[in-house]
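To keep things clear, I will list the structure first and then write my remarks on it.
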Amino acid sequence: MILTQEALKLPQINYVALSPMLILFGAATVGVLVEAFAGRGRRYPVQLGLSLVSLVAALVMVVRVAHTRELTAGGAVAVDGPALFLEGTLAVLGIVALLLVAERSLEPGGPFVAVAAVTAGTEADRVQAQRRDAGTEVYPLLLFALGGMMLFVSANDLLTMFVALEVFSLPLYLMCGLARRRRLLSQEAALKYFLLGAFASAFFLFGIAMIYGYAGQINFAAIHEAIQSSTNDRILLYLGLALLAIGLLFKAAAVPFHVWTPDVYQGAPTPVTAFMAACTKVAAFGALLRVIYVAFERTAWDLRLVIGGIAVLTMVVGSVLAVTQTDIKRLLAYSSIANAGYLLVGVLAVGGNGNHDGLASSMFYLVAYGFSVVAAFGVVTLVRDADGEATHLSRWAGLGRRSPLYAGLFTFLLLAFAGIPLTSGFTSKFAVFGAALASGQAWLVVLGAITSVILAFPYLRVVVLVWLSEPGENTPTVSIPGALTSAALAIGALATLLLGIAPQPLLDLSSRAAEFVR
Amino acid sequence: MRSTGMRLIVGTLRCMRGYLGSYATLGLLLVVGAAALTGAFGVNRLLRPGRPGDPAGKFANYECGLDPVGGDWAQVQIRYYLYAYLYVLFAVESVFLFPWAVVFALPGFGRTAVVEMGIFVGVLALGLLYAWRKRVLRWT
């Protein structure tokens, strides 16, 4: 083969438009260098400062390029409204989660160890769990994950999307195994997440192969064209789409691909759980929306029944199983599964006029849910006894008498999850269900409303337990949070309140951003 | 209009002849293989005498006719996995270096290509640097 310049051109890359993720990748790389060369005592302040500055810089760049609407890097990355909106969301939620990750006053040396793979229960593991000056690897990992998520929501072809999926998944697997307390549970969570995640990635990759077999292209726009014009067998398309959907729905924690969620949410260090619940959800749904709206819009009618079924299953299973939980982290995990169902309802408002509203309301939902869930897990990190966090629900009995402020805060967040008016939970559910109604998905809305009522029960049970029970012998105390956790809690609770009272600015913003570039 | 299930079946049948047709042989081989294995074991089961019991040595490990030494569960320390990681690092690197070397000499590529490859190799070298500083390369 003769290579000529015409045949092979360097792609045009708009570095400014890509700068948010480039900043994060760059900062993460510097973070690795800091780990390798800075003295032990200085790593924590340096890493925290570096992560915060880079995240703020990424957010500033997102705002500065907010009006960019173009494909760049040879069509591999789309910088458009939804991509920038979700990148901004990821940066903000990343900052809030970082504040929880960086908290060191609750536990000397912070909630992380340095090496995830040391055999649990050995002498080496005990030694590293007692160290006070290690465990700063989590900051570069967090930045790599966030950079990967940003690429994931703006990827415009399937291979870029797959690479981004791996870039954000691998750090997450590792971060799950870094808990200082309950090492074995943490390692179990990491291994489970890794194995199941690897399966999901394999499905995703095989789906790409099938789609390539059908369309002869991996670019979203080309797939969109091919669905109309290709003479290949459509079974390849459906097979590929199903496999792709498995990969994406796994990350989104939709039933029946949800089995990892409770175990991983429970075993992972709570700040990492908060990060996963908020940011992974944004990334997974951002990518799902892009795949469905940009590449497979013309198969939306065929998709509707399948994804609708998954949405119903997710809402029902998530809310019913949440009722039976006795551990607060598992309860929040099942609540997160049910919320994935509500988000799928928003995703399903695809096709025709619902396109725009479905997209805008889903993005609004992601922001609202992200803030609430980070704050909720933030409160979970505070309820502790000598063995670390006390997550069993029976231990929370009578917590309201001991510390009314944090119990009140948690109650407010639970009410937001339950969708009580004047909280962001109400406005976001209202927006999503409204969009689904507008596109004629009344059955989904009815089921969504029913499951919301079911889901309100476990939340209210916790509220009753916290306020109306007598504090028992072993009710733990609520630790006084340091400045970082306080800031994270304040931001999360304020956003939950503000998006409940005055959602219009963000609704307008998401509505203006809700236009994909093909 | 045919139902979705009907369409799926028809589509699958058509697929057998089309893009996925070449996999039909593989599928057939798998089926035949499974059948041969089940058949052989089934015949074995039917024909052999049934002698339940637990005489000494029946469940011992078989080691080429010699008396077995020790149990069959041995733990192996996987010290090499870190080296495997590092190998993967550089195997991936070389995969990208070959096409780079091909386009390098084309007009318009020289300097840009060098810089881009410098960044790529630099990031990979960073991983090695980190491993080195964390004393991964030292044999313990």
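Derivation of every value follows stated rules applied to the coordinates shown; laboratory data play no part. Not measured: the values here are computed from a predicted model. Heads up, the Cβs are rebuilt from the backbone with ideal geometry, glycines too, and the neighbour counts pull from every protein chain shown.
The mean number of Cβ atoms from other chains found within 10 Å of a Cβ in peptide B:119-126 is 1, as a whole number.
Provide the packing ranking of A:274-284, A:231-241, A:398-408, A:120-130, i.e. peptides ordered by the mean count of other C-beta atoms within 10 Å per residue, highest first. If you can, show how the numbers build up before the last one.
Working: A:274-284: 26.6, A:231-241: 19.4, A:398-408: 17.3, A:120-130: 13.0.
So the peptides A:274-284, A:231-241, A:398-408, A:120-130, ranked by packing, come out A:274-284, A:231-241, A:398-408, A:120-130.
Ranked highest first by the average count of other Cβ atoms within 10 Å around their residues, in what order do A:334-341, A:48-55, B:76-83 fall? Write down the numbers at each step before the final one.
Working: A:334-341: 26.9, A:48-55: 19.0, B:76-83: 9.2.
With the highest mean Cβ count within 10 Å placed first, the list reads A:334-341, A:48-55, B:76-83.
Say the dipole of the range A:15-513 comes from +1 at the beta carbon of Lys and Arg and -1 at that of Asp and Glu; which of A:Thr496, A:Leu165, A:Leu196 then lies farthest toward its positive end? The listed residue farthest towards the positive side: A:Thr496. Shown for A:Trp301, B:Trp139: other C-beta atoms within 10 Å of each C-beta, ranked fewest to most, produce the order B:Trp139, A:Trp301. All other residues whose Cβ lies under 15 angstrom from that of A:Arg304 are scored, Lys and Arg at +1 and Asp and Glu at -1, for a net of -1.
Across the range A:203-216, rounded Karplus estimates of 3J(HN,Hα) from the backbone phi angles (6.51 cos²θ - 1.76 cosθ + 1.60, θ = phi - 60°) give 4, 4, 5, 5, x, 4, 4, 5, 4, 5, x, 7, 9, x Hz, Gly and Pro being marked x.
Charged side chains reduced to their Cβ positions (Lys and Arg at +1, Asp and Glu at -1) give the protein assembly as shown a dipole of some 460 debye around its Cα centre. Put in order of Cβ neighbour count within 10 Å, fewest first, the listed residues A:Val316, B:Val92 become B:Val92, A:Val316.
For A:Gly41, neighbours were defined as the other residues whose beta-carbon sits under 15 Å from its Cβ, and their charges (Lys and Arg +1, Asp and Glu -1) total +4. Near A:Leu185: Cβ cut-off under 15 Å, other residues only, Lys/Arg at +1 and Asp/Glu at -1. The net charge is +1. Look at the dipole of chain A built from charges on Cβ: of A:Pro476, A:Gly213, A:Leu174, the Cα furthest out on the positive end belongs to A:Pro476.
Each label point was placed 7 Å from the Cα along the Cα-to-Cβ direction; for B:Val92 and A:Tyr212 their separation is 1.7 nm. Across the options A:Tyr293, A:Gln266, A:Phe250, the greatest Cα extent toward the positive end of the charge dipole of the range A:179-312 (unit charges at beta carbon of Lys, Arg, Asp, Glu) belongs to A:Gln266.
Taking the helices alone, the protein assembly as shown has a mean residue ellipticity at 222 nm of -23000 deg cm²/dmol, built from -39,500 (n - 2.57) per DSSP H run of at least 4 residues and averaged over all its residues. By the Kirkwood approach, averaging reciprocal distances over each pair of separate Cα atoms, chain A gets a hydrodynamic radius of 23.1 Å. Need the list of lysines near A:Lys329 for cross-linking: C-alpha distance under 30 angstrom, and skip anything on the same chain fewer than eight residues off. Within the straight-line cut-off, A:Lys329 pairs with A:Lys192, A:Lys251, A:Lys281, A:Lys429.
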